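Have a look at the structure below, then the notes.
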C-alpha cells in the first residue's frame, strides 16, 4: 500500500480486522513480520524521524498518570522541539483545556482524555494526520468541533487516515474508503464509486451490504 | 520539517537526555526514592555510630547494602518501567528513536537511584570514613545499582506481564545475593580435595554482588580471615590486572543486560 497516492481515507472493517494494527505499523509501534512500510517514498527507518510529519490520535489515549495536562503539553512541545509559531493550538482553546491544565491525567474522564489526544495530535501542524476512532467517547459538541477541524485541515491539503465505526462521520469526512477484514485489504475505493456500485445512498447501508456478502 | 532549519542543538537537547529528564521528574513525584535515601542515611549513620571502629561500621554497612541495594534497584526499576508503559507508548508515536526512548528511561531510573545511594550512603561515609576504601564502597554501590537496573530492564522486556516480570526480577536478585553463594560453597565442599582457587576467582566474576563483596572485603583487611583463598584473592585483586579485570567485569554487568534489553526492545510490538 502506498500512502503517497491515498487522498483522504477512512479505514473501516469488522472488530479485530487489523485497523489499529495497521496504524501501529505505520507508526512503527508494531514491527511487521514481513513486508515493509514506506512513508513519502522512504522506508521507515530506525530513527523515527518520519514521525515528525505525523499527528496521531490513539483510540485510547494513555498518558503518564502523575502528570498534569499542562505538563503533558509542555513535555511534548519540548520533545518535538517545536517553536511557538509553528504550533496549532486551536483545539486546545476550543476544548478550553487551559482552564484545566492543573488536573492530573489520572483524574480525567475518557472524554477529556480524548480531547487531550485530539489537541495533541493537531498541535504540531503535521501534514499527515492519523486518527483512530476519533469521535468515540466525545460528547456531540466536542465531536462536532473535531469534525469541523478535520474539514478545515483537509482543505489545507493534509492527508487524513481515520478509522471509525460511525458511518455518518465517515460520510462527512472521507473521500476514499479502505476496507479491511482479518488484516487483508478487501477494497480501497472512493466514496462515490462505492455508492454507485452498491446502489445505496447511505454509506452505512452500502458497507453493511458488503459486510454481509463477505461473511456469507 | 522545522528541525532542519534549527541551529545545532546543545547536549541538553539530545532526545535521550530529554526523556531521562522527564523520567527523573516522574520518579521524584512519587516518594519512594526519597524514602530509600532516608533509609540509607539512617542505616549508615547508625552503623557508624554503633561501632567505634569505622572499618567495622563499614563491614556491617556493606552487608546491608549488598542485600538491600540490589533488591531495591531491581524491583523499583522493574515496577517503574511497567508503570511507565503509557509514557513509552506516547513516546513511540513521536519522532524519536526506540533506543533513545529506552536508554533515556534507563538513564532516568539509574540516575535517580544513584543519587539516592550517592547521597544516602556517600555523605555518612564521607563524614566517618573519608578514605579510599570509603570511596570504593560508594563506587561499588553505584556500579551495583547500574547493573541491577540493567537486569531489571532486561526482565521487563522479556515479559509483557507485570507479575511475571517482577517474578523474573526477584529471581535474579535471589540468585545473585543468596543462591549463588550457596552453590559456590556447595561446590567447594564437594570438590574440596582439588585446587579450586582459580575457579573460585573465575566464578566471582559471574556475579556482580560477589564481585563487589570481595573487592570490599579485601579493602577492609577481612581477607586475613579467609585463609589461603583470601590470600589468593588478595594477590589477584590487589594486582593492577586483577583490579582492572574486576572493574571491567562490573561494567560488563552494567552494559551486557542493557544491550540485550535494547536489542529486544527495538523489535518489540507495543
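Restricting to Cα pairs below 8 Å that are 6+ residues apart, what does the relative contact order work out to for chain B? Please round to a whole percent. Spell out each step's value before the answer.
Working: 259 pairs, mean separation 67.2, N = 270.
The value is 25 percent.
Could you work out the pair-distance distribution P(r) of chain B from its alpha-carbon pairs, with 10 angstrom bin width and percents rounded to whole numbers?
6, 27, 31, 22, 10, 3, 1, 0
Tell me, what is the FRET efficiency for residue A:21 and residue B:248 to the nearest 0.05, using R0 = 30 angstrom and their Cβ-Cβ distance as r?
0.10
Which FRET efficiency value, to the nearest 0.05, is calculated for residue B:51 and residue B:25 with the Förster distance at 30 angstrom and r the Cβ-Cβ distance?
Details: r = 39 Å, r/R0 = 1.29.
Between residue B:51 and residue B:25 the formula returns 0.20.
How many nm separate the modelled label positions at residue B:198 and residue A:42, each set 7 Å beyond the Cα in the direction of the Cβ?
So the two model labels end up 5.5 nm from each other.
Only helical DSSP H runs with n ≥ 4 go in: add -39500 (n - 2.57) per run for chain B, normalise by residue count and round the 222 nm mean residue ellipticity to 500 deg cm²/dmol.
Estimated from H runs of four or more residues: -26500 deg cm²/dmol.
Quick one: check the C-alpha center-to-center distance for the range B:173-222 versus the range B:53-76, whole angstrom.
Cα centroid of the range B:173-222 versus Cα centroid of the range B:53-76: 17 Å apart.
Rounded, prolate or oblate: which fits the range B:70-154 when a ≥ b ≥ c are the square roots of the eigenvalues of the alpha-carbon gyration tensor, with rounded for a/c under 1.5 and prolate only if a/b beats b/c?
Since a/c reaches 1.5 and a/b is larger than b/c, the shape of the range B:70-154 is classed as prolate.
Between the range A:116-131 and the range B:85-113, how many Å separate their Cα centres?
21 Å
For a distance above 28 Å, tell me the whole-number percent of Cα pairs in the protein assembly as shown that qualify.
Across the protein assembly as shown, Cα pairs with separations above 28 Å total 61 percent.
Using alpha carbons only, how many degrees (0 to 90, rounded to 10) separate the axis of helix B:98-120 from the longest principal axis of chain B?
Tilt relative to chain B: about 50 degrees.
Using only alpha carbon pairs under 8 Å that are at least six residues apart, calculate the relative contact order of chain A and give it in whole percent.
29 percent
Calculate how steeply helix A:140-155 sits against the longest principal axis of the alpha-carbon atoms of chain A, using the helix alpha-carbon long axis, and give the answer as 0 to 90 degrees to the nearest 10.
80 degrees
For a paramagnetic label modelled at 7 Å from the Cα of residue A:156 toward its Cβ, which residues of the range A:123-140 fall within the zone defined by backbone nitrogen distances under 13 Å?
Of the residues in the range A:123-140, A:123-129 have backbone N under 13 Å from the label point off residue A:156.
Could you state the angle between the C-alpha long axis of helix A:110-123 and the longest principal axis of the C-alpha atoms of chain A, as a value from 0 to 90 degrees rounded to the nearest 10?
On a 0 to 90 degree scale, this one is about 90.
Quote to one decimal, in nm, the extra length available between residue B:239 and residue B:135 on full extension: 0.36 nm per residue of separation minus the C-alpha distance between them. Mind dumping the intermediate values first?
Values: separation 104, 0.36 × 104 = 37.44 nm, distance 1.88 nm.
Result for the pair: 35.6 nm of gain on full extension.
Using just the alpha carbons, could you tell me how many Å³ per residue the convex hull of chain A encloses?
Considering the Cα atoms of chain A, their hull volume per residue is 134 Å³.
Read-outs throughout are calculated quantities, based only on the coordinates presented, and are distinct from any laboratory measurement. Quantities reported herein were computed from a predicted structural model and do not represent experimental measurements. Backbone-built Cβ (ideal geometry, glycine too); neighbour counts: all protein chains shown.
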